[in-house]
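This report refers to the structure that appears directly beneath it.
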Amino acid sequence: MSGSSAVSIRNISKSFGRGASAVRVLDDVSVEIGEREFFTLLGPSGCGKTTLLRLIAGFELADRGVIAIGGQDLTQTPPFRRPVNTVFQSYALFPHLTVEQNVGFALEEQGMARDKIRSRVGEALEMVRMHSFARRRPSELSGGQQQRVALARALAPRPQVLLLDEPLSALDLKLRKEMQIELKQLQAEAGITFLFVTHDQEEALTLSDRVAVMQGGHILQMGPPREIYEAPTHRFVADFIGDINLLEAEALPGDQLRIGQGVTLPMAHGKAGAVTLAIRPERARLTAPGAGTLDATLIHSAYLGTALLHKLELPGGGTFLLRQSEVAQTPLESGSRVGLALPADALRVLDQ
Amino acid sequence: MNIRRFPMTREVSLLVLAYLYVPVLVLVVYSFNANRTATIWSHASLDWYGRILTNPSIQAATVNSLILAFAAAIGATTFALLAALATSRAFPRRGAVEAVLNMPLILPEIVVAVATLMLFVALGVQLGLGAMILAHTAFCIPFAYLPIRARLEGMSRSYEEAAQDLYANRFRTFRRVTLPLLWPGILAGFTLAFVTSLDDFLTSFFLSGPGTTTLPVYIFSAIRAGITPEINAISTVMLVISVLLVSLSFFLSRLRR
Ligand SMILES: Nc1ncnc2c1ncn2[C@@H]1O[C@H](COP(=O)(O)OP(=O)(O)OP(=O)(O)O)[C@@H](O)[C@H]1O
Ligand SMILES: [Mg+2]
């Protein structure tokens, strides 16, 4: 990632509808996406991901804010003059044109010479391994093949930025995993900035250089997958991505946290009053009773092959998930008392 | 409950079919009658078909009808296409526009025909083919509009967005994507408008001038001179053409996207 921004979104707001029925879909969103970055917008249905993508493509105009691509302000520019291409969720391949004609569509619009178009189309189809389907119609292709053609069509004009709106969501799991790998390779090969939209957290973590987690028209947290996973700053982010244990706690002066029933543990928190503590199931450890941070009761254990997943009951009520990777140990009886160690470096203090 | 289980559904259906189609069937059968008197059967022949091919009045009327139907269908389809495109996307008063466009389906044709005649006379417009084309275009619009509208409605907006995303401006998007995808609907609309104009009697009757008789008007005046199997033959030809064109239109509007 170089220092310059491929896409720069500053204070974008967008509402649909007028007057009293207006709904604000994006609220003061700002993002900087670097050159050649694989950037992912992740969030639940209806949080505004598609809307943000459509604003960048130019299909919608923002109520407020600035969109710049490659350093140029394109906030008011129509879509056909923006150096970005979109891979639509529905693919939107032109049904009346062949695969070849679909992929060459943009090149023709750019006024490229015929033989140059032919070789470019060939290259693009080669890249997605669809060259043997050049003469077919989109209706004669499977979902995965259509997806590849859509990708080739968007990549053929070599845009500065490729926008992908849940391009893999229509594919079955196996094909999806394959396409994820291919997508990542393609991006590296083509050297193009990818702005990817998904509501699949695993997909986001696997593919991205950086992830922005959205909710209700806001970006809650933005950062590399590792940071999003290991150091969530919001309760929503922690909850949305992977399994996590959330504990209600009280921040005490002198860098102490009280976790119910008089258990305190030392931790720098910089807050006061009620807070939420988060810890991933794999970061907590089982100890002998009394030797951990607190004691709990085992409800049951599930064998996962490479790990054991324990479900524990905490003294204050509430359950706790713990993932133990040393499976070799003697199994624990349901109902037995265990100690629960919560390493301070694995605990996160969250914003509500 | 299944309607097919009602007693006598079959018999009733057959009766309705007979009611609808027996007159037409009789007309068609007697067009192959050799006898001069249309209602007395002697033996089968194609004489009358030969006759209508060589009858100069029928030839002239056919030419007039075709010119009129082509011109009116082109005019009506153009208007209908523009109206459908203009009202397709989140257009606030689409209902009102459609009501106005579809008015010819509701208004009594005789009233409109008389009104048009009076207007043309008042304005000094000469009656004849030109006047007929103007009037036919107007009442053919809804027939052209409905298939185009349906096609447009079923067309995903994302194709046009994809075209714009791939650097086609609005005009190029229309030419390379919208128009080709709408084409079956446009043809279906054109065909329906064409048939509607071809079959029209009332408006043509009021507005035709000397030498601009159309086929339906010719049939009407010929009948006053007595029913001959010749009329059966022309009517059969018109019937076949209409059925073929309407089927074509139906087929076109059901074409896959
Ligand atoms: N053209 C529109 N008119 C009115 N409301 C809209 C329009 N487009 C989107 N919305 C609303 O904006 C909100 C965000 O929609 P958007 O499509 O951006 O969500 P999303 O995050 O892409 O969701 P999903 O994961 O389901 O695709 C939704 O509540 C939606 O109903
Ligand atoms: Mg979406």
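What are the residues whose amide H is under 5 Å from the amide H of residue A:38, where those residues sit 5 or more places off or on another chain and H is modelled from the backbone?
A:194, A:209, A:210
Name the residues whose placed amide hydrogens come within less than 5 Å of the amide hydrogen of residue A:87, ignoring near sequence neighbours (fewer than 5 apart) on the same chain.
Under 5 Å from the amide H of residue A:87 lie the amide H atoms of A:163, A:164, A:165, each far enough along the sequence or on another chain.
When a/c is below 1.5 the answer is rounded, else prolate if a/b is larger than b/c, else oblate, so apply that to segment A:123-171 with a ≥ b ≥ c taken from the square roots of the Cα gyration tensor eigenvalues.
Here segment A:123-171 falls in the oblate category.
Taking a cut-off of 23 Å, what percent of all Cα-Cα pairs in segment A:1-140 are separated by more than that?
Tail fraction, whole percent: 49.
Within 10 Å of each Cβ in A:91-100, how many Cβ atoms from other chains are there, averaged over the peptide? Can you show the working numbers first?
Values: counts 2, 10, 3, 8, 8, 8, 3, 0, 0, 0.
The mean count of partner-chain Cβ atoms within 10 Å per residue comes to 4.
Quote the Stokes-Einstein diffusion coefficient, in whole µm² s⁻¹, for segment B:136-186, based on the Kirkwood radius over alpha carbon pairs, a temperature of 10 °C and a viscosity of 1.306 mPa s.
It comes out at roughly 135 µm²/s.
222 nm [θ] for the protein assembly as shown, helices only, -39500 (n - 2.57) per DSSP H run of 4+, per residue, to 500?
The helix-only estimate for the protein assembly as shown comes to -14000 deg cm²/dmol at 222 nm.
Write out the trypsin sites (Lys or Arg not before Pro) in segment B:57-139 meeting two conditions: DSSP loop, and at most 15 other Cβ atoms within 10 Å of their Cβ.
Details: sites: B:89, B:93, B:94; in loops: B:89, B:93.
Hits after loop and neighbour filter: B:89, B:93.
Could you put A:131, A:300 in order, starting from the residue whose Cβ has the fewest other Cβ atoms within 10 Å?
If I rank by nearby Cβ atoms, fewest first, I get A:300, A:131.
Of the residues B:69, B:18, B:138, which exhibits the maximal mean-square fluctuation in a Gaussian network model of chain B defined by a 10 Å Cα contact cut-off?
B:18
Working from Cα positions, state the angle (0 to 90°, nearest 10) between the long axis of helix A:99-109 and the longest principal axis of chain A.
70 degrees
Once amide H atoms are built 1.01 Å from N in the peptide plane, which residues 5 or more positions from residue A:256, or in another chain, come under 5 Å H to H?
Result for residue A:256 returns A:267.
Taking every alpha carbon pair in segment A:5-235, what does the distance histogram look like in 5 angstrom bins from 0, in percent?
Taking every Cα pair in segment A:5-235, the percentages come to 1, 7, 14, 18, 19, 16, 12, 8, 4, 1, 0, 0.
Quick one: dipole size for chain B, taken about the Cα centre, charges +1 on Lys/Arg Cβ and -1 on Asp/Glu Cβ, in debye to the nearest 20.
Roughly 820 debye for chain B.
In whole Hz, with x marking every Gly and Pro, tabulate ³J(HN,Hα) for segment A:166-174 from phi via Karplus 6.51 cos²θ - 1.76 cosθ + 1.60, θ = phi - 60°.
So the Karplus estimates, Gly and Pro as x, are 6, x, 9, 5, 8, 9, 6, 4, 5 Hz.
Based on the alpha carbons, how large is the Rg to Rh ratio for the protein assembly as shown when Rh follows Kirkwood?
Rounded to two decimals, Rg/Rh equals 1.18.
Among the helices of chain B (complete DSSP H runs), which have Cα atoms covering no less than 24 Å along the helix axis and a Kyte-Doolittle mean of at least 0.5?
Membrane-span-like by this rule: B:9-30, B:56-88, B:129-153, B:179-199, B:229-253.
Zone of residue B:51 (label point 7 Å along Cα→Cβ, backbone N under 17 Å): which residues in segment B:226-243?
B:226-238
Rounded to the nearest 0.05, what FRET efficiency is calculated for residue A:202 and residue A:140 with R0 set to 35 Å and r the Cβ-Cβ distance?
0.65
Tell me, what is the percent relative contact order of segment A:72-139, built from C-alpha pairs under 8 Å that lie six or more residues apart?
On the way: 37 pairs, mean separation 27.8, N = 68.
Averaging sequence separation for qualifying contacts and normalising by length gives 41 percent for segment A:72-139.
Between residue B:153 and residue A:185, what is the spin-label point distance in nm, taking each point 7 Å from the Cα along the Cα→C-beta axis?
Using points 7 Å along Cα→Cβ, the separation is 4.7 nm.
Taking 25 Å as R0, compute the FRET efficiency from the Cβ-Cβ separation of residue B:18 and residue B:227 and round it to 0.05. Could the numbers behind the result be given before it?
Details: r = 22 Å, r/R0 = 0.89.
So, using R0 = 25 Å, E works out to roughly 0.65.
Mind checking the mean number of beta-carbon atoms from other chains within 10 Å of the Cβ atoms in A:76-86?
Whole-number average of other-chain Cβ neighbours for A:76-86 is 4.
Fewest first, what order do B:183, B:48 take by the number of other Cβ atoms within 10 Å?
Fewest-to-most Cβ neighbours within 10 Å comes out as B:183, B:48.
Pick out which of A:127, A:214, A:112 has the largest mean-square fluctuation in a Gaussian network model of chain A, springs linking Cα atoms closer than 10 Å.
Of the options given, A:112 has the highest mean-square fluctuation.
According to the Kirkwood expression over distinct Cα-Cα pairs, how big is the hydrodynamic radius of chain B, in Å?
Working: mean 1/r = 0.0476 Å⁻¹.
Value: 21.0 Å, from the Cα pair sum.
In degrees between 0 and 90, to the nearest 10, how far off the longest principal axis of chain A does helix A:143-155 point, with axes built from Cα atoms?
70 degrees
Could you run the Debye sum over the Cα atoms of segment A:203-308, one equal point scatterer each and no solvent, and tell me log10 of I(q)/I(0) at q = 0.10, 0.17 Å⁻¹, two decimals?
The computed values of log10 I(q)/I(0) come out as -0.39, -1.00.
Within segment A:46-129, which trypsin sites (Lys or Arg not before Pro) sit in a loop by DSSP and count at most 16 neighbouring Cβ atoms inside 10 Å?
A:129
Given DSSP loops and a limit of at most 13 other Cβ atoms within 10 Å, what is the longest stretch of chain A that contains no such GluC sites (Glu not before Pro)? Working shown, then result.
Values: sites that count: A:326, A:333.
The longest such stretch corresponds to A:1-325.
Could you list B:62, B:191, A:86 so that the one with the fewest beta carbons within 10 Å of its beta carbon is first and the one with the most is last?
So the residues, fewest neighbours to most, are B:62, B:191, A:86.
Apply the Karplus parameterisation 6.51 cos²θ - 1.76 cosθ + 1.60, with θ equal to phi minus 60°, to every residue of segment A:129-140 and state each ³J(HN,Hα) to the nearest whole Hz, in sequence, with x for glycine and proline.
Couplings: 6, 10, 5, 7, 10, 3, 8, 7, 8, x, 5, 9 Hz.
Every read-out reported here was derived from the displayed coordinates using simple, explicitly stated rules and does not represent laboratory data. In this text, all values refer to a predicted model and were calculated from it rather than measured experimentally. Note that each Cβ is placed from the backbone with ideal geometry, even for glycine, and that neighbours are counted across all protein chains shown.
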